[in-house]
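Heads up: the structure comes next, in structure tokens.
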Amino acid sequence: MTQLALEGLRILDLTQVAVGPYATLLLGFMGAEVIKVESCSRMDISRGAARPTSQGEGLYPGGEPGERPWNRAAHYVHRNGNKRSLTLDLATARGKAFLLQLATMCDVLIENFRASVMDRLGLGYETLSHANPRLIYVKISSQGATGPERDYGSLGSTLEQTAGLASITGYEDGRPLMTNETYPDPVVGILAVGVLMAALRQRRQTGRGTFIDLAQREVTVAMLGEYVVDYSVTGRVPGPLGNRHPHLVPQGVYPCQGDDMWVALSVSSDDEWRGLCRAIGQPNLAQDPKFATVLARRHHQAELDQILAAWTQEREHYQAMHLLQAHGVPAGAVLKGGETLVDPHLTARGFWDVVNHPEAGTYTQVSTPWRLSKSPRRPTIPSPSLGEHNNYVLGDLLGLSQQEIAALETQGIIGTRPIGAEED
Amino acid sequence: MPENDCILGDIRVLDLSEDVAGPFCTKLLAGLGAEVIKVEAPGTGDISRGAGPFIDAAPHGEQSATYLYLNTGKKSITLDLQSQTGAFILQRLAQECDILVESCPAGHLDQLGLGYATLERFNPGLIYTSVTPFGQTGPYRDYKGSELIAQAMGALMHTIGLPDKEPLRIGGNAAGYTTGMSAFSATLLALYVRDAAGHGQHVDVSAMETITVAQIHASIAHQFGRTPTRRASTLAQAQDGWVHAGLERGVREDTWARVCALMGRPELADDPKFNTREARREHQQELLTLISEWTATRPKEEIYHALQGLRTVAGYVATVADLYTSQQLLAREFLQCIDHPDAGTATYPGAPFTIQGTAWHYARAPRLGEHNVEVYCGRLGYTREDLAHLRGAGVI
């Protein structure tokens, strides 16, 4: 009953940076075997530089890059748990041949290169599916596998712009802003898991693999659907609303005790408004016609904001949240990244894993955004060092001898240290 | 093969969810061919029917763009789950369904005899997906949430916005959509297990956890010694909007010289303040001023294409209007026209992914209770008189 959901599913993971690694991190939590493929000349760029040259380049435990910085760079470590690491120089004929051979032993290949990279390497879907007709090829790209911008390069922050998300994000002055979280990356990583499950169901029905075209820009536009529909009929172009909402009044974040601490609240009904008045010890405010209805509150929101801020300023953000919630008012502390690590709710739900990483030390790892009652996730397996599983993949899976593997290392086709690591 | 080559052509979904997250999950299931029966409260329906933006001047339950978009491809029945008869009818429907998606406050459906533990006894294969602000367990399980609160508690918004201002949320319903995608992925994980092992399960999806997963910098950077903060904007003003030069990450070092040539400032190519990625990051605001001098007199999309041509990761801030003229989105036929009897013809974002061999299932959103006769009479065997009786009693 407690078998891992994806036990026995093997994934060849050519992704790097954020979106793809996030997808395979989540698949790994659910039990898939993920083989991450990099090369010593082209590591996942989230591993950082082989030898960071300046202070502040990259992010390492204690600010210390250490002897093998590529194995302990924060973002690499955080996004690449639950995986095995293989190095393979795909520019060489033998490297390509091994990848093809591996593709015949895997259920899934996933990559997020610029659109034409795999074709140029001679490892496009046609070739791989010929070698393994049951292979599911997941192509995550910024613009999609077709179209005039298919080879455009993007980061998550670029896609926030080109998909329109930045145009509705900003303060009430109307200037667009980006997030600092490259939001389309994690979002598409989360979605990719379900899309792959759908393709696996199709394979169960047809016996054949398939090609998935997942464009980050399009997924991000899908999050603006109501505005797209509205514009097509009314011609209205939405802009940023700050933290306001057309129907939830008041809504906003209010300052609390402490440095840069805030509490968020959203009032969705007159009932909740009365609860808010009780919570802040001003029950008579509920009778004030200036605030009695949504329309009235919107009209006097600036005055209302001052009343609320005067109350929140006297309290800690968690304290304000608990008091407001006790009166039925939707409220939440605006948590900092560090605060979520010790949040009592997330802790009680077992959301975080404390990971003892052989090269990065002890840190706390995000897990899955879901829990399945009969298919629990497994605990985080620390991210692998570069090429850590070369022997397993080439020896145990492909049947090469130790001598053959050693020869590949001598030829530079595999390795455990990036090119450039020995310069100093 | 199921009918129409649809991956979920044999799957029936009972959708009790409201607002954004749950309905987006079931919209995606409908797109893959599942039959989705949306159960709405008699009279008012899904709260998104009242959310707007309304495509007609007056608010109208069939003309809320949020509802129209989030409920494409579904059937609608009305049912009062608070009544005993309503709960009984839902139990019958749940016996014939593969997936149930709900977004009630944790424990609410248990009290009505419609919780997972009860329904599982009737239908052991049932996948029961609960989508809530904080999940089914833990000290905040009964707390109320909202789009803003999910972004707040998931440590997403603290770093969004400008340093001298308050934290800022992402616009629209970003957290709701993302939570819907979590629910979609989780539900299909459970279906994968069911296809292999036969049993269903309870799937618990929380908006707070989804957003905590979606903050990919804040919690890890904090632990590795660099607490992220709100930063000055790096968008540059163009003639008709905003652009980003895309020179900070993910570009080759020789790109800078080519950008300088393009801007007509070749002398900057060797300027140590800008000629490495690290230097540009350090002198970001100075760089922004420089770039803005060049961008200010040019159209944003022209800048985007020119800089992308030099292998930068440049962007332009598309407005919703710009999406309609994007050559990329047009070439991929991403936007689709759908007709609706009350709302008329409108343009919708289409399939957010394609799986070769499967066509996306496009159909309009239903009117409130449009499929009562089909489902209650056709499926459950009620007569027209029974329906009239139920309607009179306010059950449907």
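The values are calculated or read from the model by the stated rules, or taken from the named source; none is laboratory data. Model, not experiment: these values are computed from the prediction. Quick reminder, even Gly has a Cβ in these numbers, built from the backbone with ideal geometry, and neighbours come from all protein chains shown.
Within the stretch A:268-297, the only residue that satisfies the criterion of being assigned to a loop (DSSP other than H, G, I, E, B) and at the interface with chain B (Cβ under 9 Å from one of its Cβ atoms) is A:268.
Regarding the stretch A:31-40, can at least one residue be identified that is part of a loop (DSSP other than H, G, I, E, B) and over 15 Å from residue A:386 (Cα atoms)? Within the stretch A:31-40 (the criterion being part of a loop (DSSP other than H, G, I, E, B) and over 15 Å from residue A:386 (Cα atoms)), the answer is yes, since at least one residue qualifies. Restricted to the stretch A:158-213, and to residues that are in contact (Cβ under 8 Å) with a residue 40 or more places away in the chain and hydroxyl-bearing (Ser, Thr, Tyr), which residue is farthest from residue B:171 (Cα to Cα)? Taking the candidates together, the pick is A:210.
Within this structure, residue B:346 passes the test of being crowded, with 22+ Cβ neighbours inside 10 Å and either outside any loop (DSSP other than H, G, I, E, B) or charged (D, E, K, R) (or both). Note on the stretch B:150-184: residues that are closer than 17 Å to residue A:351 by Cβ, hydrophobic (A, V, I, L, M, F, W, C) and part of a helix (DSSP H, G or I) total 5. Could you run through the stretch A:85-111 and say how many residues are within 20 Å of residue A:387 (Cβ to Cβ), under 23 Å from the mean Cα position of the chain (by Cα) and either modelled with pLDDT under 95 or crowded, with 22+ Cβ neighbours inside 10 Å (or both)? Residues flagged as within 20 Å of residue A:387 (Cβ to Cβ), under 23 Å from the mean Cα position of the chain (by Cα) and either modelled with pLDDT under 95 or crowded, with 22+ Cβ neighbours inside 10 Å (or both) within the stretch A:85-111 amount to 4. If you go through the stretch B:298-339, how many residues are modelled with pLDDT under 95 and in a strand (DSSP E or B)? Count: 0.
The set of residues in the stretch B:364-392 that are surrounded by 14 or more Cβ atoms within 10 Å (Cβ to Cβ), away from chain A (no Cβ under 14 Å) and in a loop (DSSP other than H, G, I, E, B) comprises B:366, B:367, B:368, B:369, B:370, B:371, B:382. Could you tell me whether any residue of the stretch A:142-153 is buried (at least 19 other Cβ atoms within 10 Å of the Cβ), over 24 Å from the mean Cα position of the chain (by Cα) and of a type outside the set (Val, Ile, Thr)? Yes; the residues of the stretch A:142-153 include at least one that is buried (at least 19 other Cβ atoms within 10 Å of the Cβ), over 24 Å from the mean Cα position of the chain (by Cα) and of a type outside the set (Val, Ile, Thr). Could you go through the stretch A:345-361 and let me know if any residue there is more than 7 Å from every other protein chain (Cβ to nearest Cβ), farther than 22 Å from residue A:193 by Cα, assigned to a loop (DSSP other than H, G, I, E, B) and touching a residue at least 60 places away in the same chain (Cβ under 8 Å). Yes: the stretch A:345-361 contains one or more residues that are more than 7 Å from every other protein chain (Cβ to nearest Cβ), farther than 22 Å from residue A:193 by Cα, assigned to a loop (DSSP other than H, G, I, E, B) and touching a residue at least 60 places away in the same chain (Cβ under 8 Å). Residues of the stretch A:236-274 being charged (D, E, K, R), farther than 19 Å from residue A:303 by Cβ and assigned by TED's automatic domain parsing to the domain that holds residue A:325, which ones? A:259, A:260, A:271, listed by residue number. The residues on offer are A:298, A:377, and the sole one that is surrounded by 20 or more Cβ atoms within 10 Å (Cβ to Cβ) and among the basic types (Lys, Arg) is A:377. Among the residues that make up the stretch B:309-329, is at least one of them basic (Lys, Arg), without any contact (Cβ under 8 Å) to a residue 40 or more places away in the chain and either crowded, with 22+ Cβ neighbours inside 10 Å or at the interface with chain A (Cβ under 7 Å from one of its Cβ atoms) (or both)? No - not one qualifying residue is present in the stretch B:309-329. Being facing another protein chain (nearest Cβ under 7 Å) and part of a helix (DSSP H, G or I) is the filter; apply it to the stretch A:320-338 and report the residue that is nearest to residue B:151 (Cα to Cα). The selected residue is A:337.
Within the stretch A:143-158, being more than 7 Å from chain B (Cβ to nearest Cβ) and either closer than 19 Å to residue B:240 by Cα or assigned to a loop (DSSP other than H, G, I, E, B) (or both) holds for A:145, A:150, A:151. Residue B:330: hydrophobic (A, V, I, L, M, F, W, C) and out of contact with any helix residue (DSSP H, G or I) (no Cβ under 6 Å at 6 or more places or on another chain), yes or no? Here the answer is yes, as residue B:330 does meet what is asked.
Of B:226, B:231, B:252, all but one fail to be more than 7 Å from every other protein chain (Cβ to nearest Cβ), among the basic types (Lys, Arg) and either over 30 Å from residue A:371 (Cα atoms) or surrounded by 15 or more Cβ atoms within 10 Å (Cβ to Cβ) (or both); the exception is B:252. Taking the criterion of being within 7 Å of chain B (Cβ to nearest Cβ), within 17 Å of residue B:178 (Cα to Cα) and either surrounded by fewer than 24 Cβ atoms within 10 Å (Cβ to Cβ) or within 11 Å of the chain's Cα centre (by Cα) (or both), the residues of the stretch A:183-208 that qualify are A:183, A:185, A:186, A:187, A:190, A:191. Residues of the stretch B:176-200 that are more than 7 Å from chain A (Cβ to nearest Cβ), touching a residue at least 60 places away in the same chain (Cβ under 8 Å) and of a type in the set (Gly, Ala, Ser): B:176, B:180, B:183, B:198, B:200.
Suppose we keep only residues that are assigned to a loop (DSSP other than H, G, I, E, B) and hydroxyl-bearing (Ser, Thr, Tyr) within the stretch A:114-142. Which one would you say is modelled with the lowest pLDDT? Residue satisfying both the conditions and the ranking: A:116.
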